[in-house]
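Participant: This structure is in structure tokens; I'll ask about it shortly.
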Amino acid sequence: MNLSPPQFVGLTLCVCFAFMPATLPAQNEAPSRIPGAKPSPSASTPKFTDEQVQEMVSKVQDRIHNAADQVMGRIQREESELYVRFSSFNKPNRLDPNAYSSKEDIALWQQSLQRLREKEATLERLYADADLDLGNALLQQKINPALSEQIKNELLKSFPWETIRKKNQLMQEFIAEHGDLLALYDQSLGTWKPGNGTFDDQKLTATYKNLKEKIITTGLQIEGEYKTMLQ
């Protein structure tokens, strides 16, 4: 399956303009905490009526968009770049020992895998900081603190958090499995027998087949999580 780079975060930018007042917390209801996200520095803030929120939002739409794009736009760009890098590894030829002709070739892919690992770590940090970053970005736009808190919570609720966490975990597994596979290629370079589809060493062959199966399975699961994020 080949998916275009995910655009789900971009869709959430419309939330600040399209959400209905009925979706906002009632005045006596405490804002929900987004699991896994860092708490914002504000404690308890006053609540506005639905009508007040709707009127205020209509007056600060551009500022809300700027704040949301600053945080969520960056997440979308990082997510898209991560997907492109993931896709370069999630191809059949990456599981074919014949595709690696030298140790230098293997080293280049190990460097590429490291960049994928770094991109994954950056994205995971951005998701973890989304609560605090959104709150700060809205306040920097000089939006009323209480209104900022309500808008931030609506934007955070638009994230598919469970899918994001599962995808992040699978991506880490995918990277680790590819790291093991490249190490195996480096160790066994020149011992692959294309006609038999095996290495000279039976243990290496068994390890290779096990890693190949794991990578294929994990890759399919990641594609499935991205598809869910786009729904």
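Participant: Say whether the condition of being touching a residue at least 12 places away in the same chain (Cβ under 8 Å), surrounded by fewer than 17 Cβ atoms within 10 Å (Cβ to Cβ) and among the acidic types (Asp, Glu) is met by at least one residue in the stretch 136-154.
Facilitator: no
Participant: What number of residues in the stretch 167-201 are β-branched (Val, Ile, Thr) and either exposed (fewer than 15 other Cβ atoms within 10 Å of the Cβ) or part of a loop (DSSP other than H, G, I, E, B) (or both)?
Facilitator: Number of matching residues: 1.
Participant: Can you pull out every residue in the stretch 209-231 that is polar (S, T, N, Q) and closer than 12 Å to residue 175 by Cα?
Facilitator: Going through the stretch 209-231, the residues polar (S, T, N, Q) turn out to be 210, 217-218, 221, 228, 231.
The one that is polar (S, T, N, Q) and closer than 12 Å to residue 175 by Cα: 218.
Participant: Which residues, counting only those in the stretch 110-145, are closer than 23 Å to residue 99 by Cβ and aliphatic (A, V, I, L, M)?
Facilitator: 113, 116
Participant: In the stretch 82-109, how many residues are of a type in the set (A, V, I, L, M, F, W, C), under 13 Å from residue 190 (Cα atoms) and either at pLDDT 95 or above or surrounded by fewer than 12 Cβ atoms within 10 Å (Cβ to Cβ) (or both)?
Facilitator: 1
Participant: Of the conditions (1) touching a residue at least 24 places away in the same chain (Cβ under 8 Å); (2) touching a Ser or Thr at 6+ places or on another chain (Cβ under 8 Å), residue 205 clears all except one; give me its number.
Facilitator: Residue 205 satisfies all of (1) touching a residue at least 24 places away in the same chain (Cβ under 8 Å); (2) touching a Ser or Thr at 6+ places or on another chain (Cβ under 8 Å) except (1).
Participant: Among the residues of the stretch 146-168, is there at least one that is farther than 30 Å from residue 61 by Cβ, in contact with a helix residue (DSSP H, G or I) (Cβ under 8 Å, 6 or more places away or on another chain) and not polar (S, T, N, Q)?
Facilitator: yes
Participant: For the stretch 122-166, enumerate the residues that are assigned to a helix (DSSP H, G or I) and hydroxyl-bearing (Ser, Thr, Tyr).
Facilitator: Hits for the stretch 122-166 are 122, 127, 148, 163.
The values are calculated or read from the model by the stated rules, or taken from the named source; none is laboratory data. Remember, it's a predicted structure, so these values are computed and weren't measured experimentally. Please note: Cβ atoms are built from the backbone with ideal geometry, for glycine as well, and neighbour counts cover all protein chains shown.
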